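The structure under discussion appears below in the form of structure tokens.
The values are calculated or read from the model by the stated rules, or taken from the named source; none is laboratory data. Quick caveat, the model's predicted, so the values are computed rather than measured. Here Cβ is always computed from backbone atoms with ideal geometry, including for glycine, and neighbour counts include all displayed protein chains. Note: areas computed on protein heavy atoms with side chains; ligands, DNA, RNA excluded. Shrake-Rupley method; radii C 1.70, N 1.55, O 1.52, S 1.80 Å.
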Amino acid sequence: YLNISKLALAFAIIHSKPPGKSSKEYTEYLAKTVSEQDFGWKWKVEVLEAEVLRLRQELLLNRISPRFCLENRKQDTSAETLLGQESINPTSYSSQLEDSGCDVCNDSVFDSLGTASDFHQSEHNVNTSKHWLEGVPPLNLCHTSKEQTPTASVHFLQRLLEIRNLSEGRILQADFSELENDSFIIYNSVSQLLDGLTVFYSSPKFPAPSFLTEGVSVLISLITDTKLSNHILKKCFKKIEEFKKNLIQIILRNRSVNRFQALHSVSQTLGLLGRNNILRNSLISLLLSEVRQFAEQLLQAHQVQSLYDITQYENIFILCMILEQLLQNEAEEGNISSSDYGGEEKIKFLKSLDQIILHLSDEFPLFSLYLWRVSVFLNSGQMQ
């Protein structure tokens, strides 16, 4: 039946083709026309789905704390105007950074990306500022942008945190059990934020869009909040794990000349995710696996005197530094003896480590030193 249908379609195209066009040209024209129509419908569906999600976010906030939403409507709308301008005119922050990427000590550039140096200040702003009380304008079906949907999710999560802080201070009452009744909203909001961060880190432009710098802070606040983190991790753990894997691959595969500043911001985000004990353990396991696999590949290339990926060799040091910092944080908190971080990956890493260091220490002394430093932390956990 399928073959007969294809044959009938081919004859129909041949018989209906206009004069002066070949059958191939006419077929390509029809295919292009149909694909453009499909794209238009898909775009409209995505816009409407985003608007439905925004309305459901508003409804969930209203169920959690009706008083919060009542006060929210009384706020000045100046922030709504600013947000609308940012959504319609995103080019104000998308200019490419005019720098070679070699000066990796310029912390002023990294600070714009929500790094550890300004994380505590950002967290303080989330906790205290009433800016997050201001509503998010509905999506404009005629003027949508890629930034608008993640922006709406960031503001929803910020307002959720604000309700949490106000309820903690007994300024208003809130029922967070409502989060269990509609997991779709939490999952999709966090997913949109993580997808937005992944897209930006894959092709970064500086200065970073405001929703990204705010998004990093709100994400870290959510997973470190004692009351909200359980809801977030239970519903979004797999998505966050996928996000961590994507960030690691972005670090390893980035070959841009200006990559060092961008990769610094990615590493800072991974380090901040490691503040959560559950995420830290799985992140250590992922990093151990990547570092071990690269070390084995480098050893094999060295033994047969073949070429190795010099760019990946440079990037692997970023993973080593993140791994060492996470292990050091674990040691300082005194959790090494009780943590099963790494698990099987930890055993694999330590099993072949001595031979790898022995054979690579002359040719790759710095990399061997990093491997040894990581092994010190891992072995110290075994001895406790």
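Can you give me the number of residues within region 189-199 that are buried (at least 21 other Cβ atoms within 10 Å of the Cβ) and of a type outside the set (A, V, I, L, M, F, W, C)?
Result for region 189-199: 3.
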Report every pair of residues separated by at least 6 positions or lying on different chains whose Cβ atoms are under 6 Å apart, first residue within region 21-50 and more than 24 Å from F11 (Cα to Cα), second of a type in the set (V, I, T).
V47/T144; A50/T149
Lone unmet requirement of (1) more than 26 Å from K238 (Cβ to Cβ); (2) open to solvent by 10 Å² or more (accessible area, probe 1.4 Å); (3) part of a helix (DSSP H, G or I) for Y308:
(3)
State all residues of region 194-216 that are of a type in the set (F, W, Y) and either modelled with pLDDT of 85 or more or touching a His at 6+ places or on another chain (Cβ under 8 Å) (or both); if no residue qualifies, say none.
F200, Y201
Just the residues that are surrounded by fewer than 16 Cβ atoms within 10 Å (Cβ to Cβ), modelled with pLDDT of 80 or more and part of a loop (DSSP other than H, G, I, E, B), please, taken from region 328-364.
S352, S361, D362, E363
Mind checking which pairs have a first residue in region 299-315 that is of a type in the set (S, T, Y) and a second that is at pLDDT below 90 and in a loop (DSSP other than H, G, I, E, B), Cβ under 7 Å, 6 or more apart or different chains?
T311/R255
Condition first: of a type in the set (S, T, Y), open to solvent by 30 Å² or more (accessible area, probe 1.4 Å) and at pLDDT 55 or above. Now tell me which residues in region 138-166 satisfy that.
T149
Scan region 254-286 residue by residue and report those that are within 16 Å of the chain's Cα centre (by Cα), open to solvent by 50 Å² or more (accessible area, probe 1.4 Å) and within 24 Å of K346 (Cα to Cα).
R275
Residue that is closer than 30 Å to G169 by Cβ and either at pLDDT 80 or above or among the polar types (S, T, N, Q) (or both), where the choices are R67, R63
R63
The lone condition P207 fails out of (1) in a helix (DSSP H, G or I); (2) open to solvent by 60 Å² or more (accessible area, probe 1.4 Å); (3) of a type outside the set (D, E) is (1)
Inspect all residues belonging to region 32-43 and state whether any of them is under 24 Å from the mean Cα position of the chain (by Cα) and either surrounded by 10 or more Cβ atoms within 10 Å (Cβ to Cβ) or modelled with pLDDT under 70 (or both).
yes
List the number of the failed condition for K227; all other conditions in (1) assigned by the TED database to the domain that holds G169; (2) in a helix (DSSP H, G or I) hold.
(2)
